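For reference, the structure discussed in these notes is given below.
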Amino acid sequence: MLAVWYSFTMPSPAVTISQRGVERVLSGHVWIYRADLVDAGEAGAGDVVRIQDRRRHSCGQALYSSRSQIALRLLTRDERPVDTAFLAERIATASSLRRQVASDAQAYRLVSAEGDLLPSLIIDRYGTCFVIQTLTQGMDRLKPQIVEILQQAFSPRSILERNDVAVRALEGLPEQKGTLAGDNINEVEVEESGLRFVFDLLGGQKTGGYLDQRENRLAVRPYSHGRALDCFCYTGGFALHLARHCDSVLGIDSSPEALLLARRNQQLNGLTNLDWKEANCFDFLKAADLQKQRYDTIVLDPPAFARQKSKVEAAWRGYKELNLRALKMLNPGGFLVSCSCSHHVSEADMLAIVAEAALDAHRTVTVVERRTQARDHPILLTVPETHYLKCLILRVL
Ligand code: SAH
């Protein structure tokens with residue numbers, strides 16, 4: 001604790017950036033790449049630093065990483081101290097948006113990193129439990145203050161960390177998970193739009209759930225009918241919503257752990273028109289297509305196929321194949337919900353992929369809704385990377 005206090009009271013080291021780096025800040029982006037550093041001066045791993053141009057004019061303050069290609073993540077353009085009060089104010093600003101856009105949600109993203117001007121910090125709320133991820137050296141160092149702020153503001157039952165994510169390796173940080181404060185809890189039961197879900201906060205994917213799809217799961221309800229398929233169903237997020245409106249729903253996922261929870265979620269809600277299958281969705285869809293299976297509602301919510309730019313071509317082929325198979329199997333009047341969470345594949349790309357798939361499948365398709373991530377995952381206008389989720393709702397004529 002003393003070390004943290006000490007670092008807050010010391011004058012911040014200065015890092016000099018190139019003209020291109022300055023232009024990036026002026027363009028509203030919050031990342032500065034290592035190639036745009038001129039002189040890192042005394043900056044150490046995870047320091048809050050002052051950024052300056054070659055003439056020593058200040059450009060703001062940032063978190064410095066000694067390892068990542070993203071060397072600086074801008075916190076503020078001004079000179080105010082980056083201390084606990086600063087962080088508390090940013091978290092309060094984030095929280096006030098959630099009161100507006102997620103007031104009826106028990107599980108939501110309280111802080112969405114860059115989208116809330118708290119780069120590399122994720123805070124997800126599941127009822128009275130909070131799960132955090134600190135994904136850079138700088139944010140990781142601020143963990144004690146973040147825990148303290150959450151305790152003061154929300155009196156949570158438990159605060160956990162899910163820092164068992166591969167991106168931390170780029171920062172030279174270890175993968176770790178566990179309780180940071182309060183009770184040792186790993187499972188919570190939370191309501192989402194009238195359905196009950198169990199989240200495994202320590203063992204589940206991400207921080208336990210895919211909160212970014214919350215609004216889309218609800219949005220799909222009015223179109224859901226007949227025989228439904230939820231591909232990449234995880235713990236049944238879409239499937240349970242579909243089950244309320246469809247005759248039958250089949251959820252498919254390759255993760256047995258996810259399907260165990262999906263079954264529990266089904267029982268918890270007393271739903272009987274659901275089935276689950278452990279399979280690779282590519283194999284399943286191929287076989288179902290060959291068997292001339294027909295459906296009325298299909299959800300495709302695959303994991304990110306293009307985490308890096310170099311994977312875009314392969315991702316394009318993956319999305320194309322999934323959408324092609326799904327479109328071929330839909331009855332007239334059927335709906336396809338086609339998602340992508342790769343930010344390297346834009347909405348325009350997704351529309352082009354589905355258009356190609358529709359032409360190949362000889363189907364006429366209308367775009368009923370073009371959606372994105374839930375509003376508790378804000379898109380920072382000048383940081384395109386914060387717009388990552390695409391969710392197209394399409395109707396086959
Ligand atoms: N729709 C879900 C989230 C899906 S996340 C929700 O709303 O909660 C993506 C899921 O795809 C994960 O559960 C993962 O286990 C699964 N998955 C990844 N690759 C797969 C594959 N090739 N076939 C089937 N499932 C896969």
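Of a type in the set (A, V, I, L, M) and in contact with a helix residue (DSSP H, G or I) (Cβ under 7 Å, 6 or more places away or on another chain), is that true of LEU173?
On the way: of a type in the set (A, V, I, L, M): yes; in contact with a helix residue (DSSP H, G or I) (Cβ under 7 Å, 6 or more places away or on another chain): yes.
When the stated conditions are applied, LEU173 passes them.
Suppose we filter the range 23-59 for residues that are more than 19 Å from GLU385 (Cβ to Cβ) and either touching a residue at least 24 places away in the same chain (Cβ under 8 Å) or of a type in the set (Val, Ile, Thr) (or both); how many remain?
Adding up the residues that qualify gives 20.
State the number of residues belonging to the range 290-320 that are charged (D, E, K, R) and surrounded by fewer than 16 Cβ atoms within 10 Å (Cβ to Cβ).
Narrowing the range 290-320 to residues charged (D, E, K, R): 292, 294, 296, 301, 307, 309, 311, 313, 317, 320.
Those left that are additionally surrounded by fewer than 16 Cβ atoms within 10 Å (Cβ to Cβ): 292, 294, 307, 309, 313, 317.
Looking only at that region, the number is 6.
Does the range 250-270 hold any residues that are assigned to a loop (DSSP other than H, G, I, E, B), more than 15 Å from LEU229 (Cα to Cα) and near the ligand (Cβ under 10 Å from one of its atoms), and which are they?
SER255
What are the residue pairs meeting all of these: first residue in the range 371-397, first residue assigned to a strand (DSSP E or B), second residue surrounded by 22 or more Cβ atoms within 10 Å (Cβ to Cβ) and among the charged types (D, E, K, R), Cβ atoms under 8 Å, and 6 or more apart or on different chains?
ARG371/LYS390; THR372/LYS390
Evaluate the range 316-325: report whether one residue or more is in a loop (DSSP other than H, G, I, E, B) and either among the small types (Gly, Ala, Ser) or within 13 Å of the ligand (Cβ to nearest atom) (or both).
no
Among the candidates PRO332, PRO378, single out the residue that is buried (at least 20 other Cβ atoms within 10 Å of the Cβ), away from the ligand (no atom under 13 Å from the Cβ) and not charged (D, E, K, R).
On the way: PRO332 fails: buried (at least 20 other Cβ atoms within 10 Å of the Cβ).
Sole residue among the options that is buried (at least 20 other Cβ atoms within 10 Å of the Cβ), away from the ligand (no atom under 13 Å from the Cβ) and not charged (D, E, K, R): PRO378.
Any idea which of (1) acidic (Asp, Glu); (2) in contact with a helix residue (DSSP H, G or I) (Cβ under 8 Å, 6 or more places away or on another chain); (3) within 16 Å of the ligand (Cβ to nearest atom) is the one GLU215 doesn't satisfy?
Here GLU215 clears every test but (2).
Here are the criteria: (1) on the phi > 0 side of the Ramachandran plot; (2) at pLDDT below 95. Tell me which single one HIS344 does not satisfy.
Status for HIS344: all satisfied but (1).
Only one of these conditions is not met by VAL312: (1) in a helix (DSSP H, G or I); (2) β-branched (Val, Ile, Thr); (3) over 20 Å from the mean Cα position of the chain (by Cα). Which number is it?
Single failed check for VAL312: (3).
Among the candidates ARG244, ARG227, which residue alone is of a type in the set (Lys, Arg), more than 8 Å from the ligand (Cβ to nearest atom) and farther than 25 Å from TYR319 by Cα?
On inspection, the qualifying residue turns out to be ARG244.
Mind checking which residues of the range 276-289 are exposed (fewer than 13 other Cβ atoms within 10 Å of the Cβ) and more than 10 Å from the ligand (Cβ to nearest atom)?
The answer is ALA287, and nothing else.
The values are calculated or read from the model by the stated rules, or taken from the named source; none is laboratory data. Computed from a prediction, not measured in an experiment: that's the story for all the values here. Cβ: placed from backbone, ideal geometry, glycine included. Neighbour counts: every protein chain shown.
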